[in-house]
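Scroll down for the structure; my scribbles are underneath it.
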Amino acid sequence: KAAVLQLLTWGDFSHEAWGKLYKAELFGDIRFPVGELYEDLAIMYSVILRTQRVVYTDCPLYQYFIREGSIMQRPFDMRQYVEVRWIEKAMALVAERYPELDAQIRGRRVWSYFKTLYRILCSGDSKQYQEQQEELIGKIRVDASGLLSSPEISRNLKVKILSLYFGKYGFYCVQKVS
C-alpha cells in the first residue's frame, strides 16, 4: 500500500518503467501494450499491486536523457490522449484494492487530466481539440469535488483546480508561471 501511495502522490518514485528493477514473475500475464504511448502507465500500477515488497534508494544509479523530438517533447497529438484511458484504468484497479485512498486516486486522475489539458493548450492548435478539452474539464470538475479541503492533496494541485474557475486559459496562465 505504501508503494501505491508513493505512485499516487509522486513520492519517491513514479509510474515510469525506467529506473526500476523487477522480478520477472511480477509481470505474469501483464504485457506492455504494443504501439501505444504511455505504455508504462498502462501496466505499472498492475505490477506494483502484485508486489509484496518495494525497496527504494535515492542513489543516482540511472542516467535519464531527454531527447529533442521525443514523445514527451513533441507537440500534442491524439495518440497522446491515451494517457487519459490508462490513468482511468490504473486508478480503477487501485480503487478496487484500496478504496480508502479515494482522495489520492481522484487527485492522481485530476493531475493527469490537467497535464493532458496543458499539453493541448500548448499545442498551438488547441481549437482542433475542443471536444477533448471540454471532456477533460468535465472530468476534472467531477473528480475535484471535495479535493480542495483534503489534506492528502498537494497545494500545487489545489491551485490548479482553483485556477480552472477562471477558465482553461486561467489554468494555462497559472501553469505557465508555476
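The values are calculated or read from the model by the stated rules, or taken from the named source; none is laboratory data. Computed from a predicted structure; not experimentally measured. FYI the Cβ positions are ideal-geometry reconstructions off the backbone, even for glycines, and counts take in every protein chain you see. In case anyone asks, the SASA skips ligands and DNA or RNA and just uses the protein heavy atoms, side chains included. Shrake-Rupley method; radii C 1.70, N 1.55, O 1.52, S 1.80 Å.
Restricting region 29-63 to residues that are among the hydroxyl-bearing types (S, T, Y) and under 19 Å from the mean Cα position of the chain (by Cα), the residue that is nearest to L8 (Cα to Cα) is Y45.
May I ask you to list the residues in region 125-174 that are in contact with a Leu (Cβ under 8 Å, 6 or more places away or on another chain) and of a type in the set (S, T, N, Q)? Across region 125-174, the qualifying residue is only Q133. When restricted to residues that are over 13 Å from the mean Cα position of the chain (by Cα), of a type in the set (D, E) and closer than 24 Å to L162 by Cα, region 74-133 contains 2.
Per the listing G170, G138, the residue uniquely open to solvent by 20 Å² or more (accessible area, probe 1.4 Å) and over 28 Å from Q6 (Cβ atoms) is G138. Going by the structure shown, is E131 part of a helix (DSSP H, G or I) and open to solvent by 20 Å² or more (accessible area, probe 1.4 Å)? Yes: the conditions hold for E131. Screening G19 against (1) under 28 Å from I161 (Cβ atoms); (2) touching a residue at least 40 places away in the same chain (Cβ under 8 Å) leaves a single unmet condition, (1). Suppose we filter region 111-152 for residues that are farther than 19 Å from I71 by Cβ and of a type in the set (V, I, T); how many remain? Matching residues across region 111-152 total 3.
For first residues located in region 92-104 and among the small types (G, A, S), partners that are part of a helix (DSSP H, G or I) and open to solvent by 70 Å² or more (accessible area, probe 1.4 Å) and lie 6+ apart or on another chain with Cβ distances below 8 Å form the pairs A95/D102. Being of a type in the set (G, A, S), surrounded by 12 or more Cβ atoms within 10 Å (Cβ to Cβ) and in contact with a Gly (Cβ under 7 Å, 6 or more places away or on another chain) holds for only one residue in S154, S163, and it is S163. Selection of first residues in region 126-142 that are over 19 Å from K158 (Cα atoms) and of second residues that are charged (D, E, K, R), restricted to Cβ pairs under 8 Å at least 6 apart or on distinct chains, gives the following pairs, ordered by first then second residue: Q133/K168.
For F171, the conditions (1) part of a helix (DSSP H, G or I); (2) farther than 28 Å from L101 by Cα; (3) not aliphatic (A, V, I, L, M) all hold with the exception of (2). Residue count for region 142-168 satisfying the condition of being part of a helix (DSSP H, G or I) and under 21 Å from L101 (Cβ atoms): 12.
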